[in-house]
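First the structure, in the form of structure tokens, and then the observations on it.
The values are calculated or read from the model by the stated rules, or taken from the named source; none is laboratory data. Keep in mind that this is a model prediction, so the values were computed, not measured. We place every Cβ from the backbone using ideal geometry, glycine too, and count neighbours over all the protein chains shown.
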Amino acid sequence: MSKLLREMPKVEIHTHLIGTADAETIYQLAQRNRVALPADSLEEWRLFYEFRDFTHFIEVYSIARQCVQTPDDYVFLVEQFLKHQAEQNIRYSEVHFGTALSSDRLTDSELLEALSLGADNGEAKYGSRVKFIAAIVRHAPDLQRQTLECALQGQDRGIVVGLGLAGQESGYPPEEFTETFAVARRQGLKVVAHAGEAVGAESIWSALEQLKVERIGHGIRCLDNDALVQKLRDLQIPLEVSPQSNYCLGIVDRAQPHPIRQLVDAGLYCTLNSDDPPMFKTNLVNEYLTLAEQGFSWDELWQLNLNTLEASFLPELEKNTYRQEWQAFLTNHISNFSPAEPS
């Protein structure tokens, strides 16, 4: 099982660009930009980087963000991300980036050019591809139009596929962003939102009804409301589930099996993702292994992999190319195995 999970071709659709940087990458950028770290060596920095609690996670994330300053830094960051994805045979990824977090250092054009160059370089070197989702930061609602404008520029460049909503869920309900999301949809951007992670079912209802999102980031709190579960099942809205993130941030008690089992058993459309992998001491392979240890069968894990591919914002022609690659993997690695259709 472990060998199959490592070798199978995969897609990932919920990570955050800064949060994908490992300790070594940030250490190199800190040295390049002369940013003081709370550590005197790479080894000390690695220890500091390890997740302790939510407050410490925010501190690490903030420091990492300060170290990423120039266009070349973003090129390097994207290239390193694709290197790590390729090592797990992740063939394609969709990654959130926050324009508001870099606006004091780079113009939108500089940022998008750097993301595009990093994506091209990384694909050429490692064979893994990436597209981006421009994420509105909930607790900076006054910057939402700026993020939308950046997303539209990125769409024109072919590097941005969607507009997202991330950040502090409590106190910043989706309805504050309704008009911006409506414009994004009219302009052809895909729309997603983090909801039902730190806040309950009402956040997911609002994301569906006010923002009309096509995917929900996390969404595990839908289990608090039977009517919402029914709605999500009827619409087959993909949920971007990240188990280790939920455990680390205390959304789910680590002593308990992850509720993705309940989501799958309820007939919901689940995908598997790693969120901020090095900061949570995980990666996508580890997420699959976590579920395997909790009793998920190979068939169920493969179905999650299929679901993630189908839930991506890739054009149908490109999805079909990956479908053929997925089927070739099964033919070469699994004897007498017939996969289920994506649910």
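Observations
- Helices (runs of 4 or more DSSP H) fully within segment 233-343 counting 1 or more residues that are more than 18 Å from the chain's Cα centre (by Cα): 260-265, 284-293, 298-311, 316-333
- In segment 130-146, residue surrounded by the most Cβ atoms within 10 Å (Cβ to Cβ) [restricted to those that are in contact with a Gly (Cβ under 8 Å, 6 or more places away or on another chain) and either among the hydroxyl-bearing types (Ser, Thr, Tyr) or in a strand (DSSP E or B) (or both)]: ALA134
- Among the residues of segment 29-41, the one identified as surrounded by 14 or more Cβ atoms within 10 Å (Cβ to Cβ) and out of contact with any Cys (no Cβ under 9 Å at 6 or more places or on another chain) is ALA39.
- Only one of the numbered conditions (1) in a helix (DSSP H, G or I); (2) closer than 25 Å to PRO9 by Cβ; (3) in contact with a Gly (Cβ under 9 Å, 6 or more places away or on another chain) is not met by GLN155, and that is (2).
- Scanning segment 208-257 for residues that are at positive phi and hydroxyl-bearing (Ser, Thr, Tyr) gives no hits.
- The set of residues in segment 158-175 that are assigned to a helix (DSSP H, G or I) and either buried (at least 18 other Cβ atoms within 10 Å of the Cβ) or modelled with pLDDT of 95 or more (or both) contains only PRO174.
- Pairs linking a residue in segment 128-140 that is touching a residue at least 60 places away in the same chain (Cβ under 8 Å) and within 18 Å of GLU325 (Cβ to Cβ) to a residue that is crowded, with 21+ Cβ neighbours inside 10 Å and acidic (Asp, Glu), with Cβ atoms under 9 Å and 6 or more positions apart or on different chains, are LYS131/GLU94.
- Residue in segment 97-113 that is in contact (Cβ under 8 Å) with a residue 60 or more places away in the chain, surrounded by 17 or more Cβ atoms within 10 Å (Cβ to Cβ) and touching a Phe, Trp or Tyr at 6+ places or on another chain (Cβ under 9 Å) present: yes
- Within segment 240-283, considering residues that are closer than 17 Å to LYS10 by Cβ and among the hydrophobic types (A, V, I, L, M, F, W, C), the one surrounded by the most Cβ atoms within 10 Å (Cβ to Cβ): VAL241
- Condition check for LEU143: touching a strand residue (DSSP E or B) at 6+ places or on another chain (Cβ under 8 Å) and under 24 Å from LEU272 (Cβ atoms): no
- Scanning segment 111-127 for residues that are within 28 Å of PHE329 (Cβ to Cβ), of a type outside the set (S, T, N, Q) and assigned to a helix (DSSP H, G or I) gives GLY118, ALA119, ASP120, GLY122, GLU123, ALA124, LYS125, TYR126.
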